[in-house]
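Remarks on the structure that follows.
The values are calculated or read from the model by the stated rules, or taken from the named source; none is laboratory data. As the structure is a prediction and not an experimental result, all values here were calculated from the model. Here Cβ is always computed from backbone atoms with ideal geometry, including for glycine, and neighbour counts include all displayed protein chains. What goes into the accessible areas is simple: the full protein's heavy atoms, side chains included, and nothing from ligands, DNA or RNA. Shrake-Rupley method; radii C 1.70, N 1.55, O 1.52, S 1.80 Å.
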Amino acid sequence: MDNYIIEMINITKEFPGILANDNVSLQLKKGEIHALLGENGAGKSTLMSILFGLYQPEKGEIRKNGKPVTINNPNDANDLGIGMVHQHFKLVENFTVLENIILGVEPNKIGFLQMREARKKVLKLSREYGLEVNPDALIENITVGMQQRVEILKMLYRENEILIFDEPTAVLTPQEIEDLMEIMRGFARSGKSILFITHKLNEIMAVADHCTVLRKGKLMGTVEIKNTSKEELSKMMVGREVSFSVQKKEMKPGDIVLSVRNVTVPSKIHKGDAVKNVSFDVRSGEIVCIAGIDGNGQTEFVSALTGLDKISGGTIKLCDVDITRSNIRTRSKAGMSHIPEDRHKHGLVLDYTLEQNLVLQQYWQSEFHKKGFIKRDAIRNYANKLIDQYDIRSSQGPITITRTMSGGNQQKAIVGREIDKEHELLVAVQPTRGLDIGAIEYIHKMLVERRDKGKAVLLISLELDEIMNVSDRILVMYEGEIVGELDPKSTTIEELGLYMSGAKRNIAKENENAG
Amino acid sequence: MQDRNGSSSKLKVKKLLKIKGSSSFTAALLAIALGLIFGFIIMLFASPANSLPGFFTILTGGLQRLDDVIYFMVPILMTGLAVGFAFRMGLFNIGASGQYTMGMFFALYAGFMWKPPGNLHWLVCILAGLAGGMLWGLIPGIFKALLNVNEVITSIMFNYIGMYLVDMLIQSNAKMYVPTTTRTAYLPVSAQLPALGLSNSSANISIFFAIAIAVLLFIVLNHTIFGFELKATGFNKDASTYAGMNGKRNIILTMMIAGALAGLGGAFAILAPSTIPGSSMTYEPINIIAANGFNGIAVALLGNSHPIGIIFSALFISYIQRGGTLTSLYGYKPEIIDVVIAVIIYFSAFAMIMNIALGRFLARRKEKSAEKQGQEMKDAYQEVQEIDHVKEEV
Ligand SMILES: Nc1ncnc2c1ncn2[C@@H]1O[C@H](COP(=O)(O)OP(=O)(O)OP(=O)(O)O)[C@@H](O)[C@H]1O
Ligand SMILES: [Mg+2]
């Protein structure tokens, strides 16, 4: 019959309070790319973690080439040729690329020859599959895209045949995604089998052979990509039709809410400035998007705007109040909400409960304490409200330890918290990263609703679709400068791309420091 | 699946708390058991014939001297709290010794030099001790908050500065120091803490203060916004910054509180009533860092930095120390008990620090292997350049 390299049969996995996988089966053919689709918290990462030996299922069987196997830990998985790139990378920051790749399987006695051999092997693999890396760079200094290539090389170095990718594209730029798709096709051609989790249906349509869909822990079915469509997949996954375009009324811009003038921010990596002399306004009732390829100063600009880092020149005014040198709490009180880029570093205290994280920006308000004593009931009620409203799914509701929640639901918690907090300006950095299509639709609706309620929204995004669909005005950032201001209604994605790559600009380079 | 029901979630909270509490409790018990086994093995080697009765004494000896167990428990309970509380914010307060010594000195000073009216002299001495410790926590706190100097370094320095300063100040004060005995003079009775009334015992009311303070800290940590900020900072400093918490103020405040706790420990120790009428506890200024400060680290680790857990771990360590001193009856050196305790600490500390240390451990490993690899890397580099050329051509 069919030669399945991996079969997971009737897998059931329970966490306290939730069935993460409920009798799920999945069959992977040799040499195919098999996508795994499902809403946030549907149990995709859990299922893959079981295959990788991180969790033990309560019920079910795993077979390789038809023979039952037990996988008690990642080492067992590795022995069976199974490798995984996790949703959140597991690299050692202050190691070099090469060291990370060989970590754990380094030649026993690190002698001259072995080290050289390792390096040779890594470079050979990197050439073979087009995975460009600099073996001597430190992880902390390389882009997310390159970090991911390091993770992939780790699997290849271990000669894994079955490669699991948990949301690999969530953190990549469009170009990097293209490259990754090509790399994955290359793997499949060379006989490797791939399991690929993603929320982006375009990617599934582009590379996958089959797609298995999960919903709330249950198997919805496996379909052949040839015979299906985006619409059908999304319906299977969410249980209803999802609209891919954003419905918006005409915008009615009002007063200036955010005014940025000649802002300059020094770089942490090189000697120059990461943000150079940037000026723009955001009015109430409009969504302004800063577009750009990752690493062109957006991160540094947002850090300076939100108070995480200092600026070296220029002024920032929020609702006519100068907040250039204000601390973060003052900015927050002045009406700034901030959905941060890095949810684990800034957005959440992972060891706190969900409810504690939901009040992380507001615990100090009189609503939640009385003379410094926390009002637990008030927090619980508020948390339950947000959990309902934003459909934040977790195993134990408000008292779930946030670390155990699925990535998408962690993101929903942050988005809910920041949108619900009193604000005039919402700074949203990649707010839909890692979210399922249903949740993305919802968040986009919320952003538009903010704008219609007369709030100012500053969106920082790498997703071209999101930029084109959601924003009212696009500012393109290239090498720390705003090089273009575009109207999404009269611009094409191609044109936007030209601006983002620096090939075109419609704002003159200005050297003077106009106030 | 998802729980949105208030009352059942309350039940679950309790359940969760129980599970969480009991798991760290079991971890501590396991650590203790391992430590005891190891201690027994050492006793077996030291003197096989006496090992069983000796070990039995360690386990039960404390029962005969329960009042001493209480008396010796108070100072390490306080230093344990001083370390544990700061640790919840991610600060390693290794300076509990210096804070303890400072507290003791301030208490002594108030005892000898001040004569407040009424019968509250001892209370004034306690508060003086609190202030002394607080001062010695405040300084490293300020260094950390404003100049970002690692608190471990400053507080180690302040252990020495505090100790030498105190010894010097005492020796040069004729009212406090008796050169012939090389110890401090006897404190007036009014400055000594009221005893618990057990005959022939130094156990005193400070145990109630200490336990009340532990409970107070528990409330601060779990029911106040200060505690919320403190723990958030300890778990994830970046997120606490992002949330607009005032890290500088909180660091200073936390170190002040920690210092005050250790200072109280020193005051409680020196102000305890003597069993011999007409005398008092005395301090010998011989340039030794107070051991109770370091015992506090052990107490805090075993108690998992949880105020209530620290009460029990202080009780346990004090108890086992009392039993240990009695093993000398069987020819064992009292130091044997130090080994046992060190092992207990080692195991419990290991379990707790594992997670945090893993990253640092890897980094250290890297440093080592990097040294070794340095040369190979350089040699290999040549090769790579060649390979890279090939790559460019492809
Ligand atoms: N270690 C854990 N302890 C308790 N619950 C967990 C744990 N890991 C996952 N869960 C729960 O299991 C469910 C499935 O989580 P999982 O991470 O597999 O989702 P997912 O499909 O990968 O979602 P996402 O797209 O958001 O990453 C979630 O409700 C999550 O809260
Ligand atoms: Mg996931």
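Only a single item in (1) assigned to a helix (DSSP H, G or I); (2) modelled with pLDDT of 95 or more is not met by A:Val263, and it is number (1). With respect to A:Gly285, is the statement that it is in contact (Cβ under 8 Å) with a residue 12 or more places away in the chain and over 29 Å from A:Gly407 (Cα atoms) true? When the stated conditions are applied, A:Gly285 passes them.
Before we move on, is A:Asp377 within 11 Å of chain B (Cβ to nearest Cβ), surrounded by fewer than 17 Cβ atoms within 10 Å (Cβ to Cβ) and touching a residue at least 40 places away in the same chain (Cβ under 8 Å)? Give the derivation first.
Details: within 11 Å of chain B (Cβ to nearest Cβ): yes; surrounded by fewer than 17 Cβ atoms within 10 Å (Cβ to Cβ): yes; touching a residue at least 40 places away in the same chain (Cβ under 8 Å): no.
Against the criterion (within 11 Å of chain B (Cβ to nearest Cβ), surrounded by fewer than 17 Cβ atoms within 10 Å (Cβ to Cβ) and touching a residue at least 40 places away in the same chain (Cβ under 8 Å)), A:Asp377 does not qualify.
For segment A:109-132, check the following and say yes or no: at least one residue is in contact with a strand residue (DSSP E or B) (Cβ under 7 Å, 6 or more places away or on another chain) and away from ligand 1 (no atom under 16 Å from the Cβ). No, because not a single residue in segment A:109-132 is in contact with a strand residue (DSSP E or B) (Cβ under 7 Å, 6 or more places away or on another chain) and away from ligand 1 (no atom under 16 Å from the Cβ).
Considering segment B:147-164 alone, what residues qualify as being part of a helix (DSSP H, G or I) and farther than 16 Å from B:Ala86 by Cβ?
To start, the set of residues in segment B:147-164 that are part of a helix (DSSP H, G or I) comprises B:147, B:151-164.
Once the filter is applied, which keeps residues that are part of a helix (DSSP H, G or I) and farther than 16 Å from B:Ala86 by Cβ, segment B:147-164 yields B:Leu147, B:Met157, B:Tyr160, B:Ile161, B:Gly162, B:Met163, B:Tyr164.
From the list A:Glu367, A:Glu355, the one residue that fits, being in a loop (DSSP other than H, G, I, E, B) and more than 7 Å from chain B (Cβ to nearest Cβ), is A:Glu367. Residues in segment A:33-48 that are more than 9 Å from ligand 2 (Cβ to nearest atom) and open to solvent by 10 Å² or more (accessible area, probe 1.4 Å): A:Glu39 alone. Could we say that A:Lys370 is away from ligand 2 (no atom under 16 Å from the Cβ), closer than 23 Å to A:Leu458 by Cβ, more than 18 Å from the chain's Cα centre (by Cα) and open to solvent by 20 Å² or more (accessible area, probe 1.4 Å) here? Against the criterion (away from ligand 2 (no atom under 16 Å from the Cβ), closer than 23 Å to A:Leu458 by Cβ, more than 18 Å from the chain's Cα centre (by Cα) and open to solvent by 20 Å² or more (accessible area, probe 1.4 Å)), A:Lys370 does not qualify. Tell me, yes or no, whether segment A:393-416 has at least one residue that is away from ligand 1 (no atom under 16 Å from the Cβ) and not assigned by TED's automatic domain parsing to the domain that holds A:Thr46. Taking every residue of segment A:393-416 in turn, none turns out to be away from ligand 1 (no atom under 16 Å from the Cβ) and not assigned by TED's automatic domain parsing to the domain that holds A:Thr46. Each residue in segment A:220-233 was checked for being surrounded by 15 or more Cβ atoms within 10 Å (Cβ to Cβ) and either under 27 Å from A:Gly60 (Cα atoms) or touching an Asp or Glu at 6+ places or on another chain (Cβ under 8 Å) (or both), and 5 pass.
Every condition in (1) within 16 Å of ligand 1 (Cβ to nearest atom); (2) away from chain B (no Cβ under 14 Å); (3) open to solvent by 60 Å² or more (accessible area, probe 1.4 Å) holds for A:Pro68 except the one numbered (1).
Hey, any hits in segment A:169-178 for a residue that's within 16 Å of ligand 1 (Cβ to nearest atom) and under 30 Å from A:Ile9 (Cα atoms)? Yes, the conditions are met somewhere in segment A:169-178. Of the residues making up segment A:123-145, one or more are open to solvent by less than 40 Å² (accessible area, probe 1.4 Å) and away from every other protein chain (no Cβ under 14 Å). Taken residue by residue, segment A:78-99 has at least one member that is open to solvent by 10 Å² or more (accessible area, probe 1.4 Å), within 14 Å of chain B (Cβ to nearest Cβ) and assigned to a helix (DSSP H, G or I). Screening A:Leu435 against (1) in contact with a Ser or Thr (Cβ under 6 Å, 6 or more places away or on another chain); (2) within 16 Å of ligand 1 (Cβ to nearest atom) leaves a single unmet condition, (1).
Checking the stated criteria, A:Ala383 turns out not to satisfy the condition of being under 28 Å from A:Phe89 (Cβ atoms) and open to solvent by less than 10 Å² (accessible area, probe 1.4 Å).
For segment B:213-332, the helices (runs of 4 or more DSSP H) that sit wholly inside it and include 1 or more residues that are within 14 Å of chain A (Cβ to nearest Cβ), open to solvent by 10 Å² or more (accessible area, probe 1.4 Å) and under 20 Å from B:Asn159 (Cα atoms) are B:247-270. Once segment A:160-219 is narrowed to residues that are more than 16 Å from ligand 2 (Cβ to nearest atom) and of a type in the set (Ser, Thr, Tyr), the residue that is surrounded by the fewest Cβ atoms within 10 Å (Cβ to Cβ) is A:Ser190.
How do the strands (runs of 3 or more DSSP E) wholly within segment A:285-340 filter down when requiring 3 or more residues that are within 14 Å of another protein chain (Cβ to nearest Cβ): which remain?
Working: elements: A:287-291, A:313-318, A:336-339.
Qualifying strands (runs of 3 or more DSSP E): A:336-339.
Per-residue answers, yes or no, for (1) open to solvent by 50 Å² or more (accessible area, probe 1.4 Å); (2) aliphatic (A, V, I, L, M); (3) away from chain B (no Cβ under 14 Å):
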residue: A:Lys345; (1), (2), (3): yes, no, no
residue: A:Gly407; (1), (2), (3): no, no, yes
residue: A:Gln410; (1), (2), (3): no, no, no
residue: A:Val415; (1), (2), (3): no, yes, yes
residue: A:Ile419; (1), (2), (3): no, yes, yes
residue: A:Asp436; (1), (2), (3): no, no, yes
residue: A:Ala439; (1), (2), (3): no, yes, yes
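Scoring A:Met236 on the criteria (1) open to solvent by less than 50 Å² (accessible area, probe 1.4 Å); (2) at pLDDT 90 or above; (3) within 23 Å of A:Asn409 (Cα to Cα); (4) away from ligand 1 (no atom under 16 Å from the Cβ) leaves a single failure, condition (4). Among the numbered conditions (1) surrounded by 24 or more Cβ atoms within 10 Å (Cβ to Cβ); (2) closer than 30 Å to A:Lys317 by Cα, the only one that A:Leu464 does not meet is (1).
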